[in-house]
Amino acid sequence: MANTLLEMRGITKTFPGVIALSDVNLAVREGEIHAVCGENGAGKSTLMNVLSGIYPYGAYDGDIVFDGERCEFRTIKDSEKRGIVIIHQELALVPYLTIAENMFLGNERQRKGIIDWNATYQKAKEHMSVVGLNEDPRTLIKDIGMGKQQLLEIAKALAKNVRLLILDEPTSSLNESDARKLLDLLLQFKREKGITSILISHKLGEVAYVADKITVLRDGMSIETLAKGVDVITEERIIRGMVGREIIDRYPKRESHASEEVALEVKNWTVYHPLYTERKVVDNVHFKLRRGEVVGIAGLIGAGRTELAMSIFGKAYGVKISGTLKKGGRELRLDSVPDAIANGLAYITEDRKGDGLILIDSIKHNVTLAHPGGISRRGVLDKDREQRAVEGYRKKLNIKCPTVEQTVGNLSGGNQQKVLVGKWMFAEPEIMMLDEPTRGIDVGAKYEIYQIINQLAAQGKSIVFISSEMPELLGMCDRIYVMCDGRMVAELARGEATQEIIMNHIMQASKGEIGA
């Protein structure tokens, strides 16, 4: 029987007004893949930050025992010296450094205090080959895709002689193919190198595929641990542990509220890359959005969905943008983000931490940020009005926080997403473009976001729903457009769309079998 590599005993961690972890226990055996599941705010990332030294010894109660020895990690360097390496959901890579420079950043290959570049590139190539990253180590990070960046983070861990690899939502930005490659890589490392892994993921199908054991957290407490081959592990079983109840329907039922009135029409829309200005990223796109309708845009990563939405939203992305926008039959000219907001458009970014929210500021200020006129009188901020408005959105969106003065960076991912949605709801748009609105959040929080979308549609708002998760497009949308290589290649009604049909359109288009 394998030895226990890690024990976390009675871990308790508090923040002002919040108990994040309460007497949590976790035991991980050597050579196993151990998943940690729970709703947003359950304490998963907090527990891993305690383990890795991000929250140092003394900032929590309880004990960490690694390889039979009680540990007091005061920095992340301390945990890395023991072979514990954490890969966060937001990758810690420097875009304008090379692959090799990123791999050994803070862990440089040197001789007599001088970086040995030959050794750096040689060692980088060796670690890259192990994870199947076939790139020149001199390539800049900005020039490789998200899937390859995730592989690089794993190669970095190998360069640190990893014994316990912690992955926090590693597939949240990957398409299905890249996600499966990464999971298969973890299985290979377990089989061939004996590397132990802790996997945090909201994609329960992936958890069931790869994990030997699953520990479920709920409300900051460890609820149970399920073992493959001993317990019956299904998505429904994991969800019941996470939320404390059965969730029968993943998508709330609703009737279509789409009218015949066209809220937004996009014609001949073409966008070029902002740096590689000869490269089209959106190619002569046409689509219509009706009042009260939820329209999905499906496609693989790199299809041009985000670029399309951002370019419509006041030319927030791209150069040499051409084409026509019509709202309610009237032609629009949107040359800036303030123009787009003033004309009733909103764009909810897929990167809530980087582009959507100010993490060091309060919930209150984030919610009112896009529409200061809504809390002002004659140009003067009315603080009482602001407080009442944000309190209303806190209740309406079920944002879990002790007060709206809470710093957004201290909220769970699901609650951050609700703040972001609240920010744009407060701006009172008529057209909302949602880009991966449920990325990295749990099934319970997803359901709440879906309910909000349905409520907005019932109010007559028009929704563009971009998602890499085809089941949620099929479960939520009235119509679905399919994008591939910057072009719209299909339009499907709700009743005729399936995952197989969508993927068939994508594959045919990528082979050039469908015209522009």
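The values are calculated or read from the model by the stated rules, or taken from the named source; none is laboratory data. The structure presented is a predicted model; accordingly, all values stated were derived computationally and were not measured. Positions of Cβ are backbone-derived with ideal geometry, glycine not excepted, and every protein chain shown enters the neighbour counts. These accessible areas exclude ligands, DNA and RNA; they are computed on the full protein's heavy atoms, side chains included. Shrake-Rupley method; radii C 1.70, N 1.55, O 1.52, S 1.80 Å.
Worth a mention:
- The length gained on full extension between GLU224 and ARG377, counted as 0.36 nm times the residue separation minus their Cα-Cα distance, comes to 49.8 nm.
- Of the residues THR75, THR196, the one with the largest accessible area comes first in the ranking THR75, THR196, computed with a 1.4 Å probe on protein heavy atoms.
- MRE, 222 nm, helices only [DSSP H, n ≥ 4, -39500 (n - 2.57), over the chain, to nearest 500]: -9500 deg cm²/dmol
- With distances taken between every two different alpha-carbon atoms, the chain has a Kirkwood hydrodynamic radius of 24.6 Å.
- Of all segments of the chain bounded by chymotrypsin sites (Phe, Trp or Tyr not before Pro) found in a DSSP loop with no more than 16 other C-beta atoms within 10 Å, the longest spans 277-516.
- Dipole of the chain [Lys/Arg +1, Asp/Glu -1 at C-beta], most positive-end residue of ALA490, ALA298, ILE399: ILE399
- Computed over all pairs of different Cα atoms, the Kirkwood value for the hydrodynamic radius of region 113-231 is 15.9 Å.
- Placing unit charges on the Cβ atoms of the charged side chains and taking the dipole of region 213-331 about its Cα centre, the candidate lying farthest along the positive direction among LEU217, ALA258, TYR317 is TYR317.
- In loop segments of region 192-291 as defined by DSSP, the trypsin sites (Lys or Arg not before Pro) with at most 12 further C-beta atoms inside 10 Å of their C-beta are ARG245, LYS253, ARG279.
- Projecting the Cα positions of VAL207, TYR276, LEU174 onto the charge dipole of region 161-309 (unit charges on Cβ atoms of Lys, Arg, Asp and Glu, taken about the Cα centre) puts VAL207 furthest along the positive direction.
- Charge dipole (debye, nearest 20) of region 318-458; +1 at Cβ of Lys and Arg, -1 at Cβ of Asp and Glu: 300 debye
- If only the Cβ of Lys and Arg carry +1 and only the Cβ of Asp and Glu carry -1, the dipole of the chain around its Cα centre is close to 740 debye.
- Convex hull volume per residue in cubic angstrom - Cα atoms of region 22-172: 135 Å³
- The equivalent ellipsoid that matches the C-alpha gyration tensor of region 190-272 spans semi-axes of 40, 22, 11 angstrom, in descending order.
- For the cross-link pairs LYS112/LYS160; LYS327/LYS461; LYS320/LYS461, the ones whose C-alpha atoms lie over 23 Å apart are LYS320/LYS461.
- Heavy atoms of THR498 accessible to a 1.4 Å probe, total area in Å² rounded to 10: 50 Å²
- Surface per residue (accessible, 1.4 Å probe) for region 44-166, Å²: 48 Å²
- Accessible heavy-atom area order of ASP435, ASP361, highest first, probe of 1.4 Å: ASP361, ASP435
- Those trypsin sites (Lys or Arg not before Pro) in region 425-516 that DSSP places in a loop and that have at most 14 other beta carbons within 10 Å: LYS511
- Taking Cα centre as origin and charging only the Cβ of basic (Lys, Arg, +1) and acidic (Asp, Glu, -1) residues, the dipole magnitude of region 120-232 rounds to 420 debye.
- Other residues lying with their Cβ under 12 Å from the Cβ of PRO95 contribute a combined charge of -1, Lys and Arg counting +1, Asp and Glu -1.
- Pairs exceeding a 32 Å alpha-carbon distance, out of LYS13/LYS148; LYS315/LYS446; LYS353/LYS395: LYS13/LYS148.
- Positive minus negative residues near ALA124 (Lys, Arg vs Asp, Glu; Cβ under 11 Å): +1
- Normalised alpha carbon radius of gyration of region 163-320 [divisor 2.2 N^0.38 Å]: 1.44
- Per residue convex hull volume, Cα atoms of region 281-388, in Å³: 154 Å³
- Loop-located trypsin sites (Lys or Arg not before Pro) across region 126-158 with a Cβ neighbour count of 15 or fewer within 10 Å are ARG138, with loop assigned by DSSP.
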